[in-house]
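Below is one structure; the comments refer to it alone.
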Amino acid sequence: GVLAAAAVLQVRSVRAGGARCGTNRGEWKADVRAWWSGARSAVPRRAVAAVLLFLALGITLWSGTVWRFAVDFGTGAQVLPDGPFGGPLRTVGEAAARATAGQLGAALVAAVLVAAFPARIGARMLFLAVPASFTIGYLHLGPPMTVLKPPQAVIDRVVMFGGGLGSGAGLGAVAAVVLALVLNGCSVRWLLTPAHAASQRAAGDRRPLAARRRPAAGATGFRDRLWFGLGGTLVLTLLLWTAVEVRLAVVDRDRHPTPESWGTGQVGAAYQADYLPLLAFLALLAACATPRAARRLLTAAAVGTVVLGAWPPPLGPLEALRVPVLAPLFRDVAALWGHAAFWAALLITLPLAAHLARWTTRRFTAPTE
């Protein structure tokens, strides 16, 4: 009932706003047609790209886990079937598949987020996704993702595939990395780039319609600066929590024998509460500059925020800048993710911070830019 009422109020507010700006039903229909002209070709491409990205991330997670077992055993670079993989490590492919099955839900979420991200995803970005996924598998970061646990039938097939490689698991782990790079390259060249181009063409068709509904130039200067300050503060706060949780996952990766032993994001929440005044000051300071300088200042503040979260305590002089604000709120929000705070940091707050930063910086643009 609440969601239905909210939807009705949203529709009424949109209609009222359209009436105030002189829009009519024909313009809104033209806006929808312009959007659909890009979506009807972009959505299928993004869906196929998500499948390919999921396969790439899944096999690199498995590859990293295989190499972790091999390094722990002390095989070095001996990957041929007549080496250790033909003897003591003959079943390592199956063991790695069982360990990877709990992380496939995270790989699916990451693939969908990358495929659906509104900004252009380049080949370099997806190239970095391969070593990142390999590292997560190698270090076995993060607890099993119980929210999106694959069906048992899928897990059995994954284990059957890994076990079926037998002594060829070493060569399979090497080939998986190469195959993942090929899949990512195909996703960018044949799917994501054309999908983004179609969306951009549709956005170009909608831009004149949106310009008629936009207030006069110069009327929103203060409001845009205020939105930039608020959006920048939220971006920095999200980045700080993400950096802290990733640092803890990497440093304490061998101290989690069970999924319940993983934290619930409370350390990152404490950082958010302590440094919120500092982050808000930096964002508002950037909002006072020109649009181009504001974007550069926000980027520098984002880099500094990541370093702040990734640096192990104590933080030296920065300890004097701790001023706790809204601590209960941050603790409650972090507790929502439970023991999956690491996955929430990678798959929710990090993409959300990137999208919010894009929206904030694009909104705060000078008329001549």
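Since every read-out is calculated from the coordinates, none of them should be taken as a lab result. Here the structure is a predicted model, which means the values were calculated and not measured. Quick reminder, even Gly has a Cβ in these numbers, built from the backbone with ideal geometry, and neighbours come from all protein chains shown.
Sorting V246, V174, V71 on the 10 Å Cβ count, fewest up front, what's the list?
Fewest-to-most ranking of V246, V174, V71: V71, V174, V246.
Taking the simple approach of a point 7 Å from Cα along Cα-to-Cβ for both W311 and V250, what is their distance in nm?
1.5 nm
Describe numerically, in nm with one decimal, the distance between label points set 7 Å from Cα along Cα→Cβ at F222 and at V333.
Inter-label distance under the simple model: 2.7 nm.
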